[in-house]
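Just below is one structure, and these are the notes that go with it.
Rule-based calculations on the coordinates, nothing more; no lab input. Please read all numbers here as calculations on a predicted model, not as lab measurements. Glycine also receives a Cβ, built like all others from the backbone with ideal geometry; neighbour counts cover every protein chain displayed.
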Amino acid sequence: MKGTVANTDRGWFEYLRARPDVSEVNFWSPSPRRTFRGDSMTPFFFRLKAPVKAVGGFAFFARYERLPVWLAWDAFGSGNGTDSYPDLVERLERLRRHIRFEPPPGPDSIGCCILLEPVFFPEDLWVPEPHDWKGRTQGYRYYDLDAGPGLELWERCREAAREMGRRAYAESPLAAERAARYGAPQIVLPRLGQGTFRVATLQAYGRACAVTDEHSLPVLEAAHILPHHVGGSNDVSNGILMRADLHRLFDRGYMTVTPDLVLRVSPRLRADYDNGRSYYPLDERPIRAPAIRADWPSREHLEWHSQHVFLG
């Protein structure tokens, strides 16, 4: 298994270290030009640069995306390491001046490594950087966590997490855990957060509404099929990308999607509001499914929505 050791902005680190309840963070880069490639759900270590030269924590890498700055804030809020959107823009501009980066024309985007279940160590638990770390490394470096300095780093970080009482996050989520009282081995994965769900659903549907094919990002939203209050998860298979108005109608039962991926519009929309003429032409329209079969909406969840939410 490989992990990533990444140079980490001290301001970003200290801001989030003061918020131990955060479950997902955006480790962003002021330039989106360099794409990060890492295996999903593998450790991502926060290296603090000179004069510290230590690893101050870790998280699990979920995915990399290039996102408009406004969308990064909408999806992750203070998980970007700032109090507000203006603060994020100010820090971004300051970093870009430092590296002399001029964004190209069009929507301003940043590179986003989306990380889950971060653990930020107190200073007395900081772990020395790998002994073979090259001082001139600008961004990040991959390490084999099964041998050598990578294994030593991973073991030390797990021990630090255990000392903090974060035992659940101190093991690799890709490793099968064996324990007699639990029976067969299980794969333990960090749960996706709301921001990660939104970004993952956007990408699964090609950044286009599944019903209308609308591509304008500001009006696209990830609709949960099975809501959180009845046990719904943030997995992509529990979501459909919809235009904002359709999302609201879906949540309130005036629309549903059948297990065969066909949109239905309730007659109650006309009865309740004496309107709906712009929506009834969508009735019985097949929705566009994601390209990857595993991302398709769950039939079980669609059946639940049709039976318990739809005002048929």
Stretchable slack from residue 100 to residue 2, in nm (0.36 nm times residue separation minus alpha-carbon distance): 32.1 nm
Listed residues 294, 54, 271; largest mean-square fluctuation, Gaussian network over the chain with Cα springs below 10 Å, found at 271
Tell me which of 276, 266, 218 sits at the most positive position along the dipole axis of the range 194-308, charges placed on C-beta atoms (Lys, Arg +1; Asp, Glu -1). 218
Given a cut-off of under 8 Å on Cα pairs at least six residues apart, what relative contact order in percent is computed for the chain? 16
Among 64, 254, 279, which one moves the most in a GNM of the chain with springs linking Cα atoms closer than 10 Å? 279
Length released on extending from residue 307 to residue 216, taking residue separation times 0.36 nm less the Cα-Cα span: 29.6 nm
Specify the angular offset, from 0 to 90 degrees and rounded to the nearest 10, of the alpha carbon long axis of helix 194-204 from the longest principal axis of the alpha carbons in the chain. 70
Placing +1 on the Cβ of each Lys and Arg and -1 on the Cβ of each Asp and Glu in the chain, which of 239, 289, 107 has its Cα farthest towards the positive end of the resulting dipole? 107
Those trypsin sites (Lys or Arg not before Pro) from the range 76-142 that are DSSP loop and have at most 15 other Cβ neighbours within 10 Å turn out to be 100, 134, 136
Sticking with the crude label model, points 7 Å out along Cα→Cβ, report the distance from residue 268 to residue 53 in nm, one decimal please. 6.6
Given the chain, longest segment not containing exposed loop GluC sites (Glu not before Pro) (DSSP; at most 15 other Cβ within 10 Å): 1-170
Taking the Cα centre of the chain as origin and charging only Cβ (+1 Lys, Arg; -1 Asp, Glu), how large is the dipole, in debye to the nearest 20? 620
Need one number: the % of Cα-Cα pairs in the range 194-308 sitting beyond the 21 Å mark. 30
So if R0 is 35 Å, what FRET efficiency would residue 21 and residue 132 give, r being the distance between their Cβ atoms, rounded to the nearest 0.05? 0.50
